[in-house]
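This report concerns only the one structure given below.
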Amino acid sequence: MGDEGNPQTPRRTTRASLSSTPNPKSSTGKLKSCNLLPLTIHDLAYGDESISFNDLISSLPGRRAQIIELLHLLGPLDSPMFPVFVYGGASTGKTSSILQTFKHLKRPFVYCSCITCYNPRILFESVLNQLLLHRRNESNRYSSTKRCERPSDFVNLLQEALHNVVDSLKGNVEKSSSKKSVGRARGKMVYLIFDNLELAREWDKSSNILPFLFKLYDILKMPEVGLIFLSNASPDTYYSDTGYVEPVPVYFPDYTEDELCQILMKNPKNPKLYSSFLGVVLRPFCRVTRRVDELLTAFSSLYQIYCEPLDDLGIVPNEDMKRKLFSHLQPHIGPSLNETFKVESRLSSEASANTNKWKGIAKKVGVSESSNEIDFHMSACAKYLLICAFLASRNPATLDASMFDSTGGSNNKKRKRFAGGSLLAFELLLLLMHQLVSLKNLYETVILPSWSSEKSKEKKEIAEQELLLKGPGTFPLERLLAIFQCIVSVSECLPDEEAQGDGGLEGESWTNGLLSDVLLELSSLCNANFISKGGSCPLEGANRYRSMVSEAMALKVAKSLKFPLAKYLYRGG
């Protein structure tokens with residue numbers, strides 16, 4: 001019953017299928033029809049008919065500014081362009097905006113995703129297959145037109161294929177002249193689009209592949225070729241020592257709540273009913289995630305539960321009906337939120353079996369088991385940032401120099417210099433210390449009154465209460481990054497299991513990969529309300545942050561990292 005009212009989101013189609021392996025279980029009729037229709041130069045354009053600018057804007061809510069910027073960078077027909085780097089979070093409309101923009105412009109392009117092209121050879125061959133109009137099927141045993149594994153071979157084959165495509169496009173322009181043709185590729189330029197570029201960093205030879213892709217503009221030196229890169233990571237994570245023309249960045253921010261509402265309200269069976277449903281669930285879910293794919297997955301099952309009391313899904317709900325439907329749905333919202341934010345644990349089966357065994361022993365003995373583990377997934381970088389923000393909010397800034405030390409708190413040079421001092425000075429120092437201890441004992445036992453200890457305890461309790469009532473303080477970004485750098489530089493604090501699980505938390509990959517994603521992780525923590533971002537300070541002129549987590553939560557996160565949080569926490573005494 002719920003499926004009838006659930007809005008259907010059309011599946012995004014890309015032209016990567018030109019070089020993908022077709023399903024051998026498909027019908028033979030479709031295979032024959034594909035074989036009877038060889039690919040032409042016009043198949044490099046996306047879609048049969050172009051769409052108007054108004055249709056382009058309406059199909060992508062919240063992306064008007066980005067689309068206009070892309071059209072400006074692509075320029076008029078047959079105009080050379082610099083490489084473009086489109087970046088933003090996952091499910092922010094980057095790929096859809098690029099494909100729909102090219103459908104509007106009707107310009108030929110080659111699209112390759114690093115999800116399906118999961119190594120350099122497949123990526124190179126996918127580009128060549130599309131440029132050479134080659135479709136892998138049963139007749140050619142699903143093989144590529146050229147086998148290419150080395151970047152040097154790819155450059156030679158790519159230049160040859162691009163020259164052939166450009167010559168064909170020039171001939172196509174001369175033949176078409178002024179006639180308005182439907183479904184024909186326009187212009188004499190061809191564009192190479194590389195999507196999900198951040199996945200290429202996980203390849204074995206990523207240190208060579210990524211600079212090579214960015215240097216294609218300088219290597220090819222063809223004004224008829226445009227390069228577009230799409231990535232979930234910012235351009236800062238791709239900087240290298242090799243020189244190349246820096247791509248022009250285009251940022252796609254996360255959708256706002258109103259923009260998400262516009263996207264989710266596309267083509268529902270009952271707009272009034274679905275609008276009342278979104279009014280209940282959209283705001284709490286936006287605090288957890290703003291990814292359209294995750295929201296669609298969560299809302300699909302919740303909408304079915306929301307419609308269970310209804311006999312007619314075409315009904316327009318009134319206020320009483322909305323309250324009744326909300327009361328029916330409310331118990332299911334919390335578990336669905338936890339399920340959306342939770343990621344399956346990476347513990348091995350052996351480790352989980354040992355955990356279950358110890359839990360069973362604890363139950364038999366009668367020991368109560370306290371939940372000291374966080375019940376949602378968080379990367380190691382986000383955990384360290386959360387701990388650093390908690391310490392920056394609770395500790396005075398004047399104690400940072402004494403509490404945090406990039407050498408791990410051990411200064412061996414001072415010890416060596418002291419050990420190399422004269423023996424006589426050391427004996428004199430011991431004698432002086434002995435006299436001081438004797439004077440201190442005399443002062444504590446004779447001079448100090450009996451009420452001094454009680455007074456100091458009261459003073460300490462008052463200081464702790466004032467610190468607690470004052471609440472977490474604010475701190476600038478520079479202080480957070482300084483504490484973060486000091487903490488992660490201590491190798492003893494790095495857990496082995498977390499390092500192996502999250503990948504890249506040891507050696508150079510820890511310092512390069514983790515530190516480059518700090519700002520993105522900080523933005524995610526602010527969106528999840530773990531850290532609040534306040535206004536700018538009138539004196540400093542920079543934004544200030546505040547930790548919103550409790551001490552119990554911070555201790556759980558620190559325990560998962562085996563980080564001694566109590567050692568760095570100021571108690572006011």
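The values are calculated or read from the model by the stated rules, or taken from the named source; none is laboratory data. Values in this document were obtained by computation on a predicted structure and should not be read as measured data. Cβ sites come from the backbone with ideal geometry, for glycine too, and all protein chains shown count toward neighbours. In case anyone asks, the SASA skips ligands and DNA or RNA and just uses the protein heavy atoms, side chains included. Shrake-Rupley method; radii C 1.70, N 1.55, O 1.52, S 1.80 Å.
Observations on the model:
- Any hit, region 173-180, residues being modelled with pLDDT under 90, of a type in the set (Val, Ile, Thr) and over 22 Å from residue 81 (Cβ atoms): no
- Residue, farthest from the chain's Cα centre (by Cα), within region 258-267, restricted to residues that are within 16 Å of residue 298 (Cα to Cα) and surrounded by fewer than 20 Cβ atoms within 10 Å (Cβ to Cβ): 265
- When residue 67 is tested against (1) farther than 28 Å from residue 168 by Cβ; (2) part of a loop (DSSP other than H, G, I, E, B); (3) open to solvent by less than 20 Å² (accessible area, probe 1.4 Å); (4) among the aliphatic types (A, V, I, L, M), just one condition goes unmet, and that condition is (2).
- Only one of the numbered conditions (1) in a loop (DSSP other than H, G, I, E, B); (2) without any contact (Cβ under 8 Å) to a residue 60 or more places away in the chain; (3) under 28 Å from residue 66 (Cα atoms); (4) of a type outside the set (Ser, Thr, Tyr) is not met by residue 288, and that is (2).
- Test: residue in region 349-366 that is in a loop (DSSP other than H, G, I, E, B) and modelled with pLDDT under 75: yes
- Tabulated pairs, region 294-311, first touching a residue at least 12 places away in the same chain (Cβ under 8 Å) and in the same structural domain as residue 284 (by TED's automatic domain parsing), second of a type outside the set (Lys, Arg) and open to solvent by 60 Å² or more (accessible area, probe 1.4 Å), C-beta under 7 angstrom, 6+ apart or interchain: 296/9; 302/332; 305/332; 307/1; 308/328; 309/328
- Looking only at region 108-120, and only at residues there that are out of contact with any Lys or Arg (no Cβ under 6 Å at 6 or more places or on another chain) and buried (at least 21 other Cβ atoms within 10 Å of the Cβ), the one that is farthest from residue 211 (Cα to Cα): 108
- In the set (1) touching a helix residue (DSSP H, G or I) at 6+ places or on another chain (Cβ under 8 Å); (2) in the same structural domain as residue 123 (by TED's automatic domain parsing); (3) modelled with pLDDT of 90 or more, residue 196 fails one condition alone, (1).
- Near pairs, Cβ below 7 angstrom, 6+ apart or cross-chain, from region 132-157 (in a loop (DSSP other than H, G, I, E, B)) to any residue that is surrounded by fewer than 12 Cβ atoms within 10 Å (Cβ to Cβ): 136/21; 142/21
- Test: residue 506 is of a type in the set (Asp, Glu) and either modelled with pLDDT of 55 or more or not assigned by TED's automatic domain parsing to the domain that holds residue 389 (or both): no
- Being touching a strand residue (DSSP E or B) at 6+ places or on another chain (Cβ under 6 Å) and assigned to a helix (DSSP H, G or I) holds for only one residue in 303, 217, and it is 217.
- Residues (of a type in the set (Lys, Arg) and buried (at least 18 other Cβ atoms within 10 Å of the Cβ)) located in region 42-64: 63
- Among the candidates 326, 390, 376, the residue that is of a type outside the set (S, T, N, Q), surrounded by 11 or more Cβ atoms within 10 Å (Cβ to Cβ), modelled with pLDDT of 50 or more and not in a helix (DSSP H, G or I) is uniquely 376.
- Search result, residues across region 290-314 that are surrounded by 14 or more Cβ atoms within 10 Å (Cβ to Cβ) and at pLDDT below 85: 313
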